[in-house]
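Below is one structure, written out as C-alpha cells; the observations come after it.
The values are calculated or read from the model by the stated rules, or taken from the named source; none is laboratory data. Keep in mind that what you see is a predicted model, and the values were worked out from it rather than measured. Positions of Cβ are backbone-derived with ideal geometry, glycine not excepted, and every protein chain shown enters the neighbour counts. Surface areas here come from the heavy atoms of the whole protein model, side chains and all, with no ligands, DNA or RNA. Shrake-Rupley method; radii C 1.70, N 1.55, O 1.52, S 1.80 Å.
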Amino acid sequence: MSLQTAERRVRVELGERSYDVVIGDGVRHLLSTSLPDSARRCVIVTQHGIDWAVDPGLPSETFYIGDGEKAKSLQTIEELCRGFAQFGLTRADVVIAVGGGVVTDTAGFAASCYHRGVAVVNVATTLLGQVDAAIGGKTAVNLPEGKNLVGAFWQPYAVLCDTETLATLPEREVRSGSGEMAKYAFLGVDGLETLPPVEQVARCCALKAEVVSGDEREGGRRLILNYGHTLAHALEAAGFAGEGPGKAGVDLRHGEAVAIGIVYAARLAERLGRIDAARVARHLEVVHAYGLDDRLPLGVVTEDLLVAMGRDKKATAGLTFVLDGPDGVEVVRDLSPALIADVIEEMRSE
Ligand SMILES: NC(=O)c1ccc[n+]([C@@H]2O[C@H](COP(=O)([O-])OP(=O)(O)OC[C@H]3O[C@@H](n4cnc5c(N)ncnc54)[C@H](O)[C@@H]3O)[C@@H](O)[C@H]2O)c1
Ligand SMILES: [Zn+2]
C-alpha cells in the first residue's frame with residue numbers, strides 16, 4: 001500500500017518507553033509494522049461510526065465502546081477486560097485503539113491494567129486525538145464525581161495519526177480539534193495556521209512530544225499544555241461546555257471552550273502587563289483563522305465560573321492560570337478573583 005504523501009515521524013523520548021508518532025495521509029496502513037514483535041494476537045477498540053478499517057496482520061477481535069464521556073467509565077473497562085480475557089489476549093499481545101480521545105483514553109486505561117499492563121497502539125482519527133489525546137500516555141475514565149478521576153500514565157507503544165481519516169470527521173469535531181491546535185501557536189509553533197494541514201498536525205505532535213519527554217508526569221513544564229484550559233475547564237465544570245445542551249442554552253465543545261480560554265488568558269496576561277496589545281491581537285488572529293469564536297456566549301454566569309475555577313486541580317493556592325509573558329507561557333498562581341471576574345465580563349458577546 002503506497003502512502004499518498006510522505007509521512008512525518010516524531011519521537012517521544014522516554015528512555016525504554018520511547019515511541020514514534022507517525023503523521024500523514026494513510027498511515028493507518030503502517031499498523032502491522034508498528035506492533036510489538038511479541039504480539040501473536042490483538043484486540044481493536046473503536047466506536048460505531050468510525051469507518052476506517054485497520055489491518056493489524058494478526059488474529060484480532062474488535063470491541064465497540066459507546067459514544068461520548070459516558071462511555072469513559074469503569075463499567076466499560078470491565079467489559080473490555082472481560083472481552084480481552086475471553087478472546088485470550090495475553091500480556092505479550094497488544095490493544096489497538098482506533099478513534100478519538102474517548103477511545104484512546106478508555107482503551108489506554110484498559111491496556112494499562114489488563115494483565116497489569118499490555119502494549120497499546122493508538123490510531124488517532126480525530127484532530128483533537130492527533131494533536132493531543134493520543135500522545136503522552138495520560139489515560140483515564142470518568143466517575144460520577146468528576147472527569148478523568150481514575151486513570152494511569154501508560155505510554156503507547158506507537159501512535160499513528162492518519163490525517164486521511166479526518167475527511168469524515170463532523171464539522172463540529174474539526175472545530176473542537178482546531179481549538180486545541182490553536183494553543184500550540186503560543187507554545188512555540190510560529191505561524192502554525194499558515195502551514196499545510198498535515199504539517200500543522202505534525203508540528204503540534206512534535207511540540208507535545210518534546211514537552212512530554214521533558215516532564216512525563218506533569219510535575220512542571222507539561223502544565224503549559226493546559227494553556228487556555230483554566231477557563232475551558234471552568235466552562236465545562238459549570239455546565240456551559242461539554243456534550244449536548246449546556247446550561248443556559250450554552251453549548252460549547254471542549255476545543256471551542258479552549259479557544260475562548262486562550263483569548264481570555266491573553267487578555268488577563270495583558271492586564272497583568274505580561275504581554276502587549278499586539279500579542280493579544282495575535283491570539284485573536286489565530287483563533288479566527290481556525291473559524292473559532294473568541295467571545296463568551298451571553299448565558300455564561302461569571303460567579304459560576306469563579307466557583308468552578310476554585311475547584312480546578314491546579315488551584316493549590318489561589319486561582320492559577322497558564323499565562324503568556326516575556327519568557328513564554330508559564331504557570332502563574334494566586335491571581336485575584338476580582339481581576340479574573342473583570343476580564344470575564346469584558347469577554348462577553350454583545
Ligand atoms: N489523554 C489526554 O492527554 C487527553 C487530552 C485531551 C483530551 N482527552 C480526552 O479526549 C476526549 C475527547 O476526544 P475527541 O475530541 O477526540 O472526541 P471523541 O473521541 O468523543 O470523538 C468525537 C466524535 O467523533 C467520532 N469520530 C472519531 N473519529 C472519526 C472519524 N474519523 N470520522 C467520523 N467520526 C469520527 C467519534 O465516534 C465521536 O462521536 C475527552 O474525553 C478528553 O478528556 C484526553
Ligand atoms: Zn484540551
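Ligands, DNA and RNA are left out, and with a 1.4 angstrom probe the accessible area of the range 1-127 is 46 Å² per residue. The residue among 60, 44, 14 whose Cα reaches farthest toward the positive pole of the charge dipole of the range 1-89, with charges on the beta-carbon of Lys, Arg, Asp and Glu, is 14. Computed extension length for residue 303-residue 349: 14.9 nm, one decimal, from 0.36 nm per residue of separation with the Cα-Cα distance subtracted. Site pair residue 37 and residue 271 shows an inter-label distance of 5.8 nm when each label is modelled 7 Å from Cα along Cα→Cβ.
When the surface is traced with a 1.4 Å probe over the full set of protein chains, residue 176 keeps roughly 10 Å² accessible. Computing Rg and the Kirkwood Rh from the Cα coordinates of the chain gives a ratio, Rg/Rh, of 0.97.
Say a paramagnetic label sat at a point 7 Å from the Cα of residue 81, along Cα to Cβ; which residues of the range 141-160 have their backbone N under 20 Å from it? Within reach of a label on residue 81: 141-157. Excluding ligands, DNA and RNA, the accessible surface per residue across the range 266-332 is 47 Å² with a 1.4 Å probe.
Remark on the range 1-112: hydrodynamic radius 15.1 angstrom, per the Kirkwood mean of 1/r across alpha carbon pairs. Among the trypsin sites (Lys or Arg not before Pro) found in the range 204-251, those both in a DSSP coil and sparsely packed, with 14 or fewer other Cβ atoms within 10 Å of their Cβ, are 217. Looking only at 149, 284, 192, which one moves most when the chain is put into a Gaussian network model with springs between Cα atoms under 10 Å? Fluctuation is largest for 149. By the helix-only formula, in which each DSSP H run with n ≥ 4 contributes -39500 (n - 2.57) and the sum is divided by residues, the chain has a 222 nm mean residue ellipticity of -10500 deg cm²/dmol. Over the range 244-350, the reciprocal of the mean inverse Cα-Cα separation, the Kirkwood hydrodynamic radius, stands at 14.4 Å. For the chain, averaging the sequence separation of C-alpha pairs within contact (under 8 Å, six or more residues apart) and dividing by the residue count gives a relative contact order of 14 percent. The antiparallel fraction among DSSP beta bridges confined to the chain stands at about 35%. Taking every alpha-carbon pair under 8 Å whose residues sit at least 6 apart, the range 196-350 reaches a relative contact order of 23 percent.
When the chain is treated as a Gaussian network with alpha carbon springs shorter than 10 Å, the biggest mean-square fluctuation among 224, 135, 275 belongs to 275.
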